[in-house]
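Peer 1: Quick one: the structure is below, and I'll ask about it shortly.
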Amino acid sequence: MPLIAMVSAKGSPGVSTAALACTLTWPAPTLLAECDPAGGDLLSGYLSKYELPSDRGILPLAGSAVRGTADMDLAGQLIDLDSPRQQRMVLPGISDPAQAASLNPGWARLGEFFSTLPPTVIVDGGRLAAPFPPIPLLASADLVLLVLRPKSIRTISPAIPAINRLRRELPDEDRLGLVLVGDGITTREVVHNLQVPVLMRLAWDTSTAAALCGEGKGRMRGPLMRSAIAGYRSVHTALASRRGAMNSLARRDTDSIPVIR
Ligand SMILES: Nc1ncnc2c1ncn2[C@@H]1O[C@H](COP(=O)(O)OP(=O)(O)OP(=O)(O)O)[C@@H](O)[C@H]1O
Ligand SMILES: [Mg+2]
């Protein structure tokens, strides 16, 4: 199933909140992998009220991926948010940014592994400007979504170097999209300025966002969650059209192979 990575250029535009809102609302089995090299937020935020083991997560799985045993070791590293249904799973991130260097050799293998899993995998990749960002993992992603707050033309300008970097690093640019968080300039203005499609526009909704950070109750049916569900449709339309384009390319390649008689 698809591997969808969310990242930011810099600042805190709401990557972790967007990734969790999608994980909790999308109508498909979903696994949220916290791959932010600056550290995961869930165990100290949304999941802080639960007594959960702090020794599981992305770090031991990165070691397993390098050794080629990730498929056997995955289940022991996950937290099932609606146990025992395994519809919404979390792979917790590192607890200390100093551990990011240890993740670095595993990024590419983790990406390859995630792209083979049955659920939709949503990666919280954090800020591209952080040390040891999961760039090698992004090469395996079906979609890489840059999250930004479109308050004004000026506030979206840090996205330009990040988009240029992603265009250089990704195998093709069809997999690049934007997630806009909150109000500001129109979606059309963002697309015109950045030349990247917008696949989701998430509502600014402080009470739900606070609940997703583990503070207060919030409204799990509020505007943020409704806009995340609406985003599912456009993300899957983009995935379907990418798959269609890839199939026709593959057909064209096969057609052009000379038949040896
Ligand atoms: N849609 C939203 N509506 C209101 N507040 C939001 C929304 N999304 C995020 N926030 C708030 O913005 C702050 C940053 O959000 P979040 O931690 O998700 O950002 P981030 O991009 O993951 O940051 P970092 O790079 O530091 O991990 C939090 O206080 C969060 O509650
Ligand atoms: Mg974050």
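Bear in mind these aren't lab numbers, they're just calculated from the coordinates by the rules spelled out. All values derive from a computational prediction rather than experimental measurement. When we count neighbours, we look across all protein chains shown, and the Cβ atoms used for this are built from the backbone with ideal geometry, even at glycine.
Peer 1: Quick one: order Met1, Met89 by neighbouring beta-carbon count within 10 Å, fewest to most.
Peer 2: Working: Met1 17, Met89 24.
If I rank by nearby Cβ atoms, fewest first, I get Met1, Met89.
Peer 1: With the dipole of the chain worked out from charges on the C-beta (+1 for Lys and Arg, -1 for Asp and Glu) around the Cα centre, which of Trp107, Gly76, Val123 lies farthest toward the positive end?
Peer 2: The one lying farthest along the dipole's positive direction is Val123.
Peer 1: Please work out the C-alpha center-to-center distance from segment 65-82 to segment 137-176 and express it in whole Å.
Peer 2: 28
Peer 1: How large is log10 I(q)/I(0) at q = 0.12, 0.14, 0.17 Å⁻¹ when the Debye formula is applied to the Cα atoms of segment 3-255, each weighted equally and without solvent?
Peer 2: With no solvent term, the Cα-only Debye profile gives -0.67, -0.92, -1.39.
Peer 1: Which log10 I(q)/I(0) values does segment 148-241 give at q = 0.12, 0.16 Å⁻¹ under the Debye formula, counting every alpha carbon as one identical point scatterer?
Peer 2: Debye output, listed in q order: -0.44, -0.75.
Peer 1: Quick check on packing: order 151-160, 203-212, 27-36, 114-123 by the mean number of other C-beta atoms within 10 Å, highest mean leading. Before the final figure, lay out each step's value.
Peer 2: Working: 151-160: 14.5, 203-212: 19.2, 27-36: 22.4, 114-123: 20.7.
My ranking of the peptides, most packed first, is 27-36, 114-123, 203-212, 151-160.
Peer 1: A further question follows. Determine the dipole magnitude for the chain: charges of +1 sit on the beta-carbon of Lys and Arg, -1 on that of Asp and Glu, nothing else is charged, the reference point is the Cα centre, and the result goes in debye to the nearest 20.
Peer 2: Details: 27 positive and 23 negative charges, 161 e Å.
That gives the chain a dipole magnitude of about 780 debye.
Peer 1: Then there is this: Among Lys49, Lys10, what is the fewest-to-most ranking by other Cβ atoms within 10 Å?
Peer 2: Numbers: Lys49 7, Lys10 14.
Ascending Cβ contact count within 10 Å gives the list Lys49, Lys10.
Peer 1: Of the DSSP beta bridges with both residues in the chain, give the percent that are antiparallel, rounding to the nearest 5. Don't skip to the answer; put the middle values down first.
Peer 2: Working: 2 of 30 bridges.
Around 5 percent of the beta bridges assigned by DSSP in the chain are antiparallel ones.
Peer 1: Here is a follow-up. Give me the percent relative contact order of the chain, please, defined on Cα pairs under 8 angstrom at least 6 residues apart.
Peer 2: Details: 492 pairs, mean separation 66.0, N = 261.
Here the relative contact order equals 25 percent.
Peer 1: Compute the Rg to Rh ratio over segment 1-58 from the alpha carbon atoms, using the Kirkwood formula for Rh, and round to two decimal places. If you can, show how the numbers build up before the last one.
Peer 2: On the way: Rg = 12.2 Å, Rh = 12.8 Å.
Value, to two decimals: 0.95.
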